[in-house]
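The values are calculated or read from the model by the stated rules, or taken from the named source; none is laboratory data. Please read these numbers as outputs of a predicted model, since none were measured by experiment. Cβ placement follows ideal geometry from the backbone for every residue including glycine, while neighbour counts extend to all protein chains displayed. These accessible areas exclude ligands, DNA and RNA; they are computed on the full protein's heavy atoms, side chains included. Shrake-Rupley method; radii C 1.70, N 1.55, O 1.52, S 1.80 Å.
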Amino acid sequence: MLVRSFPPMEVPGARALILGSMPGAASLAAGRYYAHPHNRFWPIMGELVGAGPALEFPQRVAALAAAGIALWDVLAQCEREGSLDSAIRDDTAVANDIAGFLARHPQVGTILFNGAKAEQAFRRFVAPTLARPELSLVRLPSTSPANASQGAAMKLDAWRQALGAAGVRLREG
């Protein structure tokens, strides 16, 4: 099945760009990022920048923006059955214009990959088109419920360290 990602959540002044691979079925059905109820993305963002799942989606987006975080996916479209990254057919993958995004947002100094597939797709389809060697590229543990091998505390800690290093405004406490 052909699936298409969402437009980027562009943030003036963003310091970090979080890239997933491609939204899962629950997200595509809901029309918003990380909509699967067991995905850890919004609980982690709630803890770190106040963009938790208790907020309505527009308020979560506003909290990410206030912290200096932009959000998108590496792939614009691909064929995939189900939601798993492992089901993405690389021969059908088309990347988003991340080079154009970065040209519009030169202050973004760090790209954070939400999982291995996002990093792999970026390095294959996007990296050869970039002229920004100073970018910091950081793979983080996927927040997907399919990534059950890493615990919630370990994921939270990894995301906290990476966002802090990227200059994102983290919550006190």
* Structure fact -> Expressed in angstrom and rounded, the centroid-to-centroid distance over alpha carbons for the range 145-166 and the range 39-71 is 15 Å
* Cα-only radius of gyration and Dmax that characterise the range 43-140, units Å -> 14.7, 39
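Based on DSSP H runs of at least 4 residues, each adding -39500 (n - 2.57), what is the mean residue ellipticity at 222 nm of the chain after dividing by all its residues, to the nearest 500 deg cm²/dmol?
Theoretical 222 nm ellipticity from helices: -8500 deg cm²/dmol.
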* Asked: So how far apart, in nm, are the two label points at Leu2 and Gln107 if each is 7 Å from Cα heading toward Cβ?
  -> 3.8 nm
* To do: Provide the packing ranking of 153-159, 138-144, 101-107, 35-41, i.e. peptides ordered by the mean count of other C-beta atoms within 10 Å per residue, highest first.
  => 138-144, 35-41, 153-159, 101-107
* **Surface accessible to a 1.4 Å probe, per residue, for the residues of the chain, Å²** => 47 Å²
* Mean shadow area of the chain over all directions, Cα convex hull, nm² -> 9.1 nm²
* Obtain the nm distance between the two label points defined at Gln77 and Gln161 by a simple spin-label model: each point lies 7 Å from its Cα along the Cα-to-C-beta direction. => 4.0 nm
* Asked: In the neighborhood of Thr129, defined by Cβ-to-Cβ distances under 14 Å, what is the net charge if each Lys or Arg adds +1 and each Asp or Glu adds -1?
  -> +2
* Asked: So how far apart, in nm, are the two label points at Glu172 and Leu84 if each is 7 Å from Cα heading toward Cβ?
  -> 4.6 nm
* Structure fact -> With all protein chains present, the chain has a carbon and sulfur share of its accessible area (1.4 Å probe) in percent of 54 percent
* Hey, what do the phi angles of the range 102-118 turn into as Karplus ³J(HN,Hα) couplings, whole Hz, using 6.51/-1.76/1.60 and θ = phi - 60°, x for Gly and Pro? -> 5, 5, 6, 10, x, 6, 5, x, 9, 10, 10, 8, 7, x, 5, 5, 4
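Remind me, relative contact order of the chain in percent, using alpha carbon pairs under 8 angstrom and six or more residues apart?
30 percent.
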* Taking the Cβ of Tyr33 as the center, what net charge do the other residues with Cβ under 10 Å away carry, scoring Lys and Arg +1 and Asp and Glu -1? -> +1
